[in-house]
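Here's the structure, in structure tokens; my notes come after.
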Amino acid sequence: MIYTFEHFLKNPKLFDSSSQLDFDVCVVGSGAGGATAAATAAARGARVLLLEAGSFLLPSDLTQREEDMYPKLFYEAGGRRTANRAIRVMHGMGVGGSTLHNINLCKRTPKSIIDSWQLPHLTSEKFHQISEDIEKELNVAIILDKDFNENNWLFKTGTERLGYKGSALAHNRKGCAQSGFCELGCSFNAKMNALRIYIPQVVQHNGVVLSNTQALHFRWAGRRIFELTAQVIHPETRAKICDLNIKAKSFVLSGGGIESVLLSQRSSLPDPYRQLGKHLHLHPGTGICGIFSQDVLMWKGIPQSYECTEFLSFDEKEDKRVWLVGGSAHPSGVAGMLPGFGQEHAALMKLYPKMASISPMLHDHTEGQIDMDGKLLAKISYNLSDSDRKQLARGLFQACKILFAAGAEKVYVPFRKLKEFKSPDQLQESDLYPDNMEIDMVAVHPMSTLRMGVDPTSSVTDDYGRYHHLDNLWVADSSLFPTSLGVPPQISIYSIGRYVGGLLPL
Amino acid sequence: MDVPSGFKLNRRSFFILSSLGVIAGGSACGIKLYGQLLEVNEQLVSSRKLSQYEKENLPALYSAMTGETDPQQIKEAVEFFAIFLSKLPLSRRKELNLGLKVLDILPLFFMVSFLPFRKIDLKQQVVFLQKLSQGPAVLYPLFGGLKELMYLAYYRVPQNYQKIEYYGPVAKPNEPIEEHQRFYKALMAELS
Ligand SMILES: Cc1cc2nc3c(=O)[nH]c(=O)nc-3n(C[C@H](O)[C@H](O)[C@H](O)COP(=O)(O)OP(=O)(O)OC[C@H]3O[C@@H](n4cnc5c(N)ncnc54)[C@H](O)[C@@H]3O)c2cc1C
Ligand code: SF4
């Protein structure tokens, strides 16, 4: 059963009797981690309650308009930024979490990264076995050449001409109409995401899903959480509709790399080694564009179907930490990143149909931190380290070269003072080293903020995902990963949800 | 998908009914609602009424950033801002207002003009923004969010996005994709 705020408006006493809110497992957050953990626990016979702060959106609610969808799909209407304002941090909400609006590309965490975590119970073999199962369930398949859009064709052409390593990416789609609106949610219901695959499983196994319901505080004593307080909130007015006091044998935090920390901090969970919210990785990136003589229409067709891995290695000795992937953006996304104002900006935007874009994304070594800003908002402290800036400069430089190799007439790198290159001879890697805030960046993969580890002085949970200092609290989302993954994380987050959901005591 | 039986109200009627309920409930209800709003604190959406600074500066900024001078377009953009900004958490809205205040007085501070930003002419505003955006890094935070907001407003207008050959939405909601229909059938039946 899925409940929305409308049910509670009609009957605020819907869950008035305390027995109705007493579950085996209560999962907070219905994204990749939470939905999978809830479905797994429910399939094992647990009575599961899944709470989601965002709305239960139907495909017909997804209008493919940026101004409509940002407030519905993203925290702070998509305008969340790091404290220094240098990086826009996109974090999703809604039943299905960030999988509602993500681009669908799927990669496993490399074995060497998992091995580096040195977790006795979560070996790379075990993790990959779970990921393989998840990939089957989500219909993960390589995007075929015939389904590449022009942007990705050009990217592939340039990469191959330079002899760089590159390949087609795998995505989780079925019945994709190739509309190109993935980042605004799929009106065609073609995403094989948490909403389509795992939420129905929760419901089929008699789980209860409460959307528009925000978990506010864990109440705990000794080593146990005895209650979770939550509120049903009207999605438009944000007014409280009713309070809920939830009891469960086990609680699972799956609010994502930022919100899970806030709930822990709001609840003053025991944190003797001050680990809550530390070690934040973001995989920050940016976009550059090449201008071609022909129409590219980067927003059209399947986005991000090709990658260049020439400058990404998981062998630390190589110090290659930048991943190149095809870019795609709708008008306001591009306009917000391009420098200039008025007529000058309008002239750049006129080139939009002829732009092809590549995004360098960092496998970041920088560690940031999440703190509460007021009671419910996040302060995200994150200052890109010197070595990460060098990696970014390399990524920008190589992405420019690829665009030229593909036939671009000019290439724009959106520093605050636009850098325009008319030929590859003008490029110098050192010119692309970004000083503080010189280039606008975006991050969509917050992680590692409640990380797993065997040592409680440097981690928050054990290698089962159980909170070190509480016996009935578990974590199942992107915050668990001990390091940056260096790859898009959704497959690993679904996998960690499956892992934790399979371990919860019934 | 299991949906509760007897649930017949659709979303629109709920909005209407709940708004009517608030009005009819009078001040007692208003006070109660205010109390509830306070509890949700800073995640709250803020008011649909624009503050003085927003009213004075957003239209000027919109023109300067997008080059739009048609009064009707500007008026509609301001209406859009009022709705969009009401969806931001209250404290973020306060930050925006602070940003607008700073921007407004910066021309005086930089001795570009004896007038605040909103009062200088469009050409000067553009030149000023240009200079500022390439000036000291400490001022850069002013731009990130504001630019996104301005272009979100500008490219929501079909005649503006058509200028750059963007074709807008292509969605055909409720297309007869089999799984889609199965998955949502029960719920749609109740909600529509
Ligand atoms: C624009 C974009 C594109 C992306 N593209 C890709 C991609 O192509 N491939 C890929 O692998 N990854 C991609 N990602 C990242 C990926 O989607 C996320 O990392 C992943 O979905 C996160 O899963 P999660 O379970 O950790 O959290 P989320 O999916 O973010 O889910 C957390 C959920 O918990 C809810 N919640 C939080 N706090 C509370 C609370 N207190 N009470 C109730 N509910 C709460 C939130 O509303 C949210 O719905 C993308 C992300 C973005 C933003
Ligand atoms: S490209 Fe495919 S998955 Fe993306 S929104 Fe369009 S139909 Fe949906």
The residue from A:A32, A:A77, A:A42 that alone is under 18 Å from A:R498 (Cβ atoms), more than 11 Å from ligand 1 (Cβ to nearest atom) and assigned by TED's automatic domain parsing to the domain that holds A:I103 is A:A42
If we take the range A:40-151, then strands (runs of 3 or more DSSP E) inside it with 1 or more residues that are in contact (Cβ under 8 Å) with a residue 60 or more places away in the chain and open to solvent by less than 10 Å² (accessible area, probe 1.4 Å) are A:48-51, A:87-89
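Can you name the helices (runs of 4 or more DSSP H) wholly within the range B:103-171 that have at least 2 residues being open to solvent by 40 Å² or more (accessible area, probe 1.4 Å)? I'd like the intermediate steps shown before the answer.
Numbers: elements: B:122-133, B:141-154, B:158-163.
Because the criterion is at least 2 residues that are open to solvent by 40 Å² or more (accessible area, probe 1.4 Å), the helices (runs of 4 or more DSSP H) in the range B:103-171 that meet it are B:122-133, B:158-163.
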Answer from A:N189, A:N206, A:N212 - the residue that is over 22 Å from the mean Cα position of the chain (by Cα) and either at pLDDT below 95 or more than 16 Å from ligand 2 (Cβ to nearest atom) (or both): A:N206
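For the range A:162-170, indicate whether the set of residues that are charged (D, E, K, R), more than 12 Å from chain B (Cβ to nearest Cβ), more than 14 Å from ligand 1 (Cβ to nearest atom) and surrounded by 22 or more Cβ atoms within 10 Å (Cβ to Cβ) is non-empty. Full working, then the answer.
So the first thing to find is which residues in the range A:162-170 are charged (D, E, K, R), and the list is A:165.
Add one more test, that the residue is more than 12 Å from chain B (Cβ to nearest Cβ), and what stays is A:165.
Filter once more, so that each one left must be more than 14 Å from ligand 1 (Cβ to nearest atom): A:165.
After this cut, where a residue has to be surrounded by 22 or more Cβ atoms within 10 Å (Cβ to Cβ) as well, the list is none.
Checking the range A:162-170: not a single residue is charged (D, E, K, R), more than 12 Å from chain B (Cβ to nearest Cβ), more than 14 Å from ligand 1 (Cβ to nearest atom) and surrounded by 22 or more Cβ atoms within 10 Å (Cβ to Cβ).
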Where the second residue is within 16 Å of ligand 1 (Cβ to nearest atom) and in a loop (DSSP other than H, G, I, E, B) and the first is free of Cβ contacts under 8 Å to residues at least 24 places away in the same chain and lies in the range A:164-180, which pairs have Cβ atoms under 8 Å and are six or more apart or on separate chains? A:G175/A:A190; A:A177/A:A190
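For the range A:198-246, what are the residues that are among the small types (G, A, S) and under 21 Å from A:G374 (Cβ atoms)? Let's see the steps before the verdict.
Within the range A:198-246, the subset among the small types (G, A, S) is A:207, A:211, A:215, A:221-222, A:230, A:239.
Correct list: A:A215, A:A230, A:A239.
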Mind counting the residues in the range A:58-98 that are at negative phi, within 10 Å of another protein chain (Cβ to nearest Cβ) and within 16 Å of ligand 2 (Cβ to nearest atom)? 11
Those residues of the range B:86-109 which are in contact with an Asp or Glu (Cβ under 7 Å, 6 or more places away or on another chain) and either among the hydrophobic types (A, V, I, L, M, F, W, C) or more than 9 Å from chain A (Cβ to nearest Cβ) (or both) amount to B:L88, B:L90, B:N97, B:L100
At least 1 residues that are farther than 27 Å from A:G256 by Cα and not polar (S, T, N, Q) in each: list the strands (runs of 3 or more DSSP E) lying fully within the range A:329-443 that qualify. A:355-362, A:410-413, A:419-421
Somewhere in the range A:482-495, is a residue away from ligand 2 (no atom under 16 Å from the Cβ), within 14 Å of another protein chain (Cβ to nearest Cβ), more than 27 Å from A:R44 (Cα to Cα) and touching a residue at least 40 places away in the same chain (Cβ under 8 Å)? no
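Test A:G163 against the stated conditions and say whether it is in a loop (DSSP other than H, G, I, E, B) and within 19 Å of the chain's Cα centre (by Cα).
Working: in a loop (DSSP other than H, G, I, E, B): yes; within 19 Å of the chain's Cα centre (by Cα): no.
Judged against the criteria, A:G163 is not a match.
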Count, please, the residues in the range A:442-464 that happen to be within 16 Å of ligand 1 (Cβ to nearest atom) and either crowded, with 24+ Cβ neighbours inside 10 Å or among the polar types (S, T, N, Q) (or both). 10
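Out of A:G158, A:G185, report the one residue that is at the interface with another protein chain (Cβ under 10 Å from one of its Cβ atoms) and in contact (Cβ under 8 Å) with a residue 24 or more places away in the chain. Outline the logic, then answer.
Numbers: A:G158 fails: at the interface with another protein chain (Cβ under 10 Å from one of its Cβ atoms).
Answer to the check: A:G185.
The values are calculated or read from the model by the stated rules, or taken from the named source; none is laboratory data. Predicted model only: the values in this text are computed from it and were never measured. Reconstructed Cβ throughout: ideal geometry from the backbone, glycine too, with neighbour counts over all protein chains shown. For the accessible areas, the whole protein counts, side chains as well, though only heavy atoms, and no ligand, DNA or RNA atoms are used. Shrake-Rupley method; radii C 1.70, N 1.55, O 1.52, S 1.80 Å.
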